[in-house]
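Q: Please see the structure below; I have some questions.
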Amino acid sequence: MKIKVSDYIADFLHAQEIDCVFEMAGGMITHILDSLHRRSKINIISVHHEQSASFAVDAHGRITGKPGVALATSGPGATNLLTGIGSCYFDSSPGLFITGQVNLHEQKGDGKIRQLGFQETDIVSMAEPITKKCFRVITAESIPAILQEAYKICISDRPGPVLIDLPMNLQRVEIEAEVPQKILANKYKDIDILSELKQLVEAIKLAKRPLVLAGAGINCAQAKQEFLKFIELINIPVVTSLLGLDVLAFDHPLRVGFIGSYGNRWANIALGTCDLLLVIGSRLDIRQTGADTKGFAENKKIFQVDCLSEEVNNRVLNCIPIIVDIKFFLEMFIKNCEEIKFNEPKEWNNEIKTLQNKWLDIKELGEVKGINPNYFIHLLSQYSKKAIGYVADVGSHQMWSAQSLELTNNQRFITSGGMGAMGFALPASIGFSFAGYKTPVVVIAGDGGFQLNIQELQTIVRNKLPIKIIILNNKNLGMIRQFQDSYFEGRYQSTYWGYSAPNFEAIAKAYEISAKTISASDEIISALEWLWTDPNLPALLQVMIDPYLNVYPKIAFGKPITEMEPFSKPIEMEGT
Ligand SMILES: Cc1ncc(C[n+]2csc(CCOP(=O)(O)OP(=O)(O)O)c2C)c(N)n1
């Protein structure tokens, strides 16, 4: 058939059952927008900053396992996507990014000039290091094959972003093309892992203090159900990384807690003192193990299950790799070991319970003036069972959330992990809510990060999204202020001094979103009831907290993860 390229793109996305595209208009994508509008039922969600489109794509991809799609115009539109593209790359989210480019004849090519066309910018070179692949399109006829290849790469193996840069003049011509078909991900090859399984089973049977560390890879492999079956079979307690927080419900008897730089103290002690660690879909980065990798690996055997061999034995050495798709690993283990009886490590479980009771998260901050954020997060979860999940921004509030959220089995938790990008939560909640067909999502943000993409309140209002926004307002950039306390004797340059935040209640009301502010503990319950008065409407709750509250516990640089501040003093600089 003969078809205009932009129409072909609309048909291609439709054939992949893409239900929404996030974009901000610009000249170089107008043909595609028009084709999407005319030819497909795909929901076009117009945001107010391309960075928001890319964060929405990231969230949509993580929740559905299918690529979210973003469109942006050349130049500033394309460069604004970059932070979200990087976030997709680091946190393994499938995302298809299509950027309009100036007409081929307006491009500078190898010329020694900076620019020929208006807004001409080499986005491909910029995006290459943070994508699985980038495509610089130079002929219209190649577009069907490029779309197919890009889509397949995006969803196959470890998911991640791809970018297609498409000159305007190629979008408007006609090509000869077949009707687009649905593209399927590459299937993992069945690998024989029986000897690894045998070795693992032996190790589990011998271990007195076994522990599973569950990470984001379980979600990426869409293997949550298999994981549940697996741990109930092997009967081993489970700690989770930040991005693996939602793989096990808060009330599951095998759940221990959240580990890492700001992890629950009892979970970190368990991680530090276990004798067998089975890491599933987690890369043991500095935020999980602390800087003392040698001490971390001492006195324990570590198995690491990952789909990529490159992710194993980078920092923590001598891990036994099991390189295979995580879902396949779990299925194989269940199939081959179903009949084996794994005894509950009773003494070890009791020890962990005792630690947990000793180091309660809500007691870590000691006496708190006003609202205790850990306590607030517990109550927020108890009142937010209608939500399909939470999106945390980046900062202290993110860590209080990870320490204290009570997630149910069906709730997801997403946050910007590897990129650690402030401004993620609000736009990501839009992608998340659309992924759940406009179901309620809770945003937890700080006053600093919320100001990065605050304009998306308008997208929420226009699309009538039931997003419940919590701003933990400490009137400063808390996580960095805490760092300045530790290493710069409280010189709060640019975090408290020279920083300010507006009244978010007034701002929300200007967007016609109902809003409320609280500052005392006895206001929490009625505020949370108010927040959920109508689960179908957005609402914003501003929670004022003491500016000097820190996140505790925190691993100090060079210290083992079992010794966390405030009870051990930092000895060297550590990244925030
Ligand atoms: C885009 C971006 N800029 C800067 C940082 C560095 N940073 C990490 S946490 C943080 C403070 C966040 O402050 P706020 O949003 O108010 O949350 P709080 O820590 O107070 O809870 C900053 C500036 C970052 N992670 N991302």
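The values are calculated or read from the model by the stated rules, or taken from the named source; none is laboratory data. The model shown is predicted, which means the values in this text are computed figures rather than measured ones. Here the Cβ is made from the backbone with ideal geometry for all residues, glycine too, and neighbour counts use every protein chain on show. Accessible surface areas use protein heavy atoms only, side chains included; no ligands, DNA or RNA. Shrake-Rupley method; radii C 1.70, N 1.55, O 1.52, S 1.80 Å.
Q: Would you pick out the residues in the stretch 225-261 that are without any contact (Cβ under 8 Å) to a residue 40 or more places away in the chain, in a helix (DSSP H, G or I) and touching a helix residue (DSSP H, G or I) at 6+ places or on another chain (Cβ under 6 Å)?
A: Val247
Q: What residue, among those in the stretch 362-374 that are away from the ligand (no atom under 16 Å from the Cβ) and in contact with a helix residue (DSSP H, G or I) (Cβ under 9 Å, 6 or more places away or on another chain), is farthest from Asp522 (Cα to Cα)?
A: Lys363
Q: Just checking, which of Asn463, Asn503, Asn473 is touching a Gly at 6+ places or on another chain (Cβ under 8 Å) and not assigned by TED's automatic domain parsing to the domain that holds Val47? Let's see the steps before the verdict.
A: Working: Asn463 fails: touching a Gly at 6+ places or on another chain (Cβ under 8 Å); Asn503 fails: touching a Gly at 6+ places or on another chain (Cβ under 8 Å).
So the residue among Asn463, Asn503, Asn473 that is touching a Gly at 6+ places or on another chain (Cβ under 8 Å) and not assigned by TED's automatic domain parsing to the domain that holds Val47 is Asn473.
Q: Also: Could you give every pair whose Cβ atoms fall below 7 Å, whose first residue belongs to the stretch 69-86 and is not assigned by TED's automatic domain parsing to the domain that holds Met24, and whose second residue is among the charged types (D, E, K, R) and open to solvent by less than 10 Å² (accessible area, probe 1.4 Å), counting only separations of at least 6 or pairs across chains?
A: none
Q: Ok, one more. Could you tell me whether the stretch 491-506 includes any residue that is more than 24 Å from Leu379 (Cβ to Cβ) and more than 15 Å from the ligand (Cβ to nearest atom)? It would help to see each step written out before you state the result.
A: Just the residues of the stretch 491-506 that are more than 24 Å from Leu379 (Cβ to Cβ), to begin with: 491-500, 502, 506.
Cutting the leftovers down to more than 15 Å from the ligand (Cβ to nearest atom) gives us 491, 506.
Scanning the stretch 491-506, I find at least one residue that is more than 24 Å from Leu379 (Cβ to Cβ) and more than 15 Å from the ligand (Cβ to nearest atom), so the answer is yes.
Q: Sticking with this one: Could you go through the stretch 430-442 and let me know if any residue there is within 14 Å of the ligand (Cβ to nearest atom), out of contact with any Pro (no Cβ under 6 Å at 6 or more places or on another chain) and not hydroxyl-bearing (Ser, Thr, Tyr).
A: From the stretch 430-442, those within 14 Å of the ligand (Cβ to nearest atom) are none; that's our starting set.
Within the stretch 430-442, not a single residue is within 14 Å of the ligand (Cβ to nearest atom), out of contact with any Pro (no Cβ under 6 Å at 6 or more places or on another chain) and not hydroxyl-bearing (Ser, Thr, Tyr).
Q: Between Ser40, Ser52, which is under 20 Å from Ala150 (Cβ atoms), of a type in the set (Gly, Ala, Ser) and touching a helix residue (DSSP H, G or I) at 6+ places or on another chain (Cβ under 6 Å)? If you could, list the steps in order and put the result at the bottom.
A: Numbers: Ser52 fails: under 20 Å from Ala150 (Cβ atoms).
It is Ser40.
Q: Taking Ile9, is it of a type in the set (A, V, I, L, M) and touching a strand residue (DSSP E or B) at 6+ places or on another chain (Cβ under 7 Å)?
A: Working: of a type in the set (A, V, I, L, M): yes; touching a strand residue (DSSP E or B) at 6+ places or on another chain (Cβ under 7 Å): no.
It is false that Ile9 is of a type in the set (A, V, I, L, M) and touching a strand residue (DSSP E or B) at 6+ places or on another chain (Cβ under 7 Å).
Q: Going residue by residue through the stretch 164-179, is there one that turns out to be under 28 Å from Gly27 (Cα atoms), within 24 Å of the chain's Cα centre (by Cα) and either open to solvent by less than 10 Å² (accessible area, probe 1.4 Å) or outside the structural domain of Glu311 (by TED's automatic domain parsing) (or both)?
A: Scanning the stretch 164-179 turns up at least one residue that is under 28 Å from Gly27 (Cα atoms), within 24 Å of the chain's Cα centre (by Cα) and either open to solvent by less than 10 Å² (accessible area, probe 1.4 Å) or outside the structural domain of Glu311 (by TED's automatic domain parsing) (or both).
Q: Further, regarding this structure: Show me the helices (runs of 4 or more DSSP H) found entirely inside the stretch 1-64 where at least 2 residues are touching a Pro at 6+ places or on another chain (Cβ under 7 Å) and surrounded by fewer than 22 Cβ atoms within 10 Å (Cβ to Cβ). I'd like the intermediate steps shown before the answer.
A: Numbers: elements: 5-15, 30-39, 50-64.
Per the criteria, 5-15.
Q: Among the residues of the stretch 375-397, is there at least one that is open to solvent by 30 Å² or more (accessible area, probe 1.4 Å), of a type in the set (A, V, I, L, M, F, W, C) and more than 14 Å from the ligand (Cβ to nearest atom)?
A: Yes, there is a match, as at least one residue in the stretch 375-397 is open to solvent by 30 Å² or more (accessible area, probe 1.4 Å), of a type in the set (A, V, I, L, M, F, W, C) and more than 14 Å from the ligand (Cβ to nearest atom).
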